[in-house]
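The values are calculated or read from the model by the stated rules, or taken from the named source; none is laboratory data. All values derive from a computational prediction rather than experimental measurement. Cβ: placed from backbone, ideal geometry, glycine included. Neighbour counts: every protein chain shown. These area figures cover heavy atoms from the full protein model, side chains too; ligands, DNA and RNA do not enter into them. Shrake-Rupley method; radii C 1.70, N 1.55, O 1.52, S 1.80 Å.
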Amino acid sequence: MDYEHFMHKEIFEQPEVFEKILKEKKEEINEIAEKIIKKKFNSIYFIGCGSSYYASKIGSFYISKYTNLYTNALPSSEFIFYKPLYIKKDSLLVFLSRSGETTETVKALRYAKKLGLETLAISNNPNSSLAKEAKYFININAGEEKSVVMTKTFSGSILILQILAFRISMLKRNKNIKKILKEIEKLPNYAKQLIEKEEEIKKIVNEYNNYKIIFLGSGPNYPISLESALKLRETSYLMTEAFHVLEFRHGPMAEVDEKTLINIIAPKGINKKIFLDLIKDIKNKNGKLLAITNIKEILEESTISINLPEKILEEISPSISIIPNQLFAYYTSIGKGYDPDNPRHLSKVVKLK
Ligand code: F1P
């Protein structure tokens, strides 16, 4: 297949990236999980910028849901500016960065080391400052990402964070985790199924091209909504927002009109009733719903939908639920005549003086 843009090519490479991670990275991630147990860390903090910060929020979600460790996610800059006193010596600080060279993230890592904290870097660049200076390092190994906007390195890092959290959980004797670890083996195939929805997504983009778009997600898919909104902002210069599903009722609901499209990520495992009630309310206010879901009732209730693979559950969904929204951003951008690989005012690595 010929690709006009790197972003398009890199979206399509995601099944391969997942396959590679699942084949080649599990042992390495497991070793880190073992170290985390052996060193008796009580907290894990995830730190990054932009898409890497949203990936950090997913890492933190998984640690809080599947282990008894305290966790939080912080943008690198906030960590440097406010130097949180609650971060104790028995903490592991995980730094995420595609480039491994983003100024704030490198500074945050150096500051953490100065405090005597243990550090793990997750990056797609094994020759970066982050990779070289952190105590532990995991290479995302997604192959070079040429587009300024992150796609395959974002989803690749999520899969690494999922495996890490599930492995820590297994070492802490969580019996239910084996089933989930088996499920993630299906992610390359699920990713392929979603990429095949490209034509459907293209049509939706054309039909709703002058709508205001808002993203909603819960749990591990809340950061996916944030990342979806960021993709649209970066590639298409659109004002858009993302909210936790029920937070939408606490103010943003006032914005809904007949030119609003609410993009809602709803895999099996979510609280179906809450989502359905909200969808009905938005429709009563003349808003339109685009559901990314595999729940029959939500498919029926929404204005339009993109089907998630039948069996996929919320707990493993975020590394693939981003795919339809990456394609949505890509087609919105080229529909407007922009270059999604080189958005205005942005650079691949943000360097500060
Ligand atoms: C972080 C980041 C990207 C964004 C843009 C600028 O980079 O904010 O998320 O898309 O390219 O940089 P990194 O620290 O992950 O390399």
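Observations on the model:
- Taking every alpha-carbon pair in the chain and binning the separations at 10 Å intervals from zero gives 5, 26, 34, 24, 9, 1 percent.
- Out-of-range pairs (alpha-carbon distance over 18 Å; input LYS20/LYS192; LYS83/LYS353; LYS83/LYS113): LYS83/LYS353
- Apportionment of accessible area to carbon and sulfur, the chain, percent (1.4 Å): 49
- Using the average count of surrounding beta-carbon atoms within 10 Å as a protection proxy, the listed peptides 54-60, 283-289, 100-106 rank, highest first, as 54-60, 100-106, 283-289.
- Gyration tensor verdict on region 192-335 (Cα atoms; rounded if a/c is under 1.5, prolate if a/b is larger than b/c, oblate otherwise): rounded
- Partners for LYS132 among aspartates and glutamates (Cα-Cα distance below 13 Å; same-chain residues under 8 apart left out): GLU101
- Dividing the radius of gyration of the alpha carbons in region 6-185 by their Kirkwood radius gives 0.95 for Rg/Rh.
- Partners of LYS186 within straight-line reach, counting aspartates and glutamates whose Cα lies under 19 Å from its Cα and excluding those fewer than 8 residues away in the same chain: GLU13, GLU16, GLU19, GLU24, GLU27, GLU196, GLU310, GLU314, GLU315.
- For the chain, the relative contact order works out to 19 percent when only alpha carbon pairs closer than 8 Å and six or more residues apart are counted.
- Alpha carbon centroid spacing (whole Å) that separates region 65-81 from region 222-299: 26
- Mean Cβ neighbour count within 10 Å, used as a protection proxy, ranking 2-15, 243-256, 225-238 highest first: 225-238, 2-15, 243-256
- Extension reserve of the GLU199-ASN271 stretch, reckoned as 0.36 nm per residue once the Cα distance is removed: 22.9 nm
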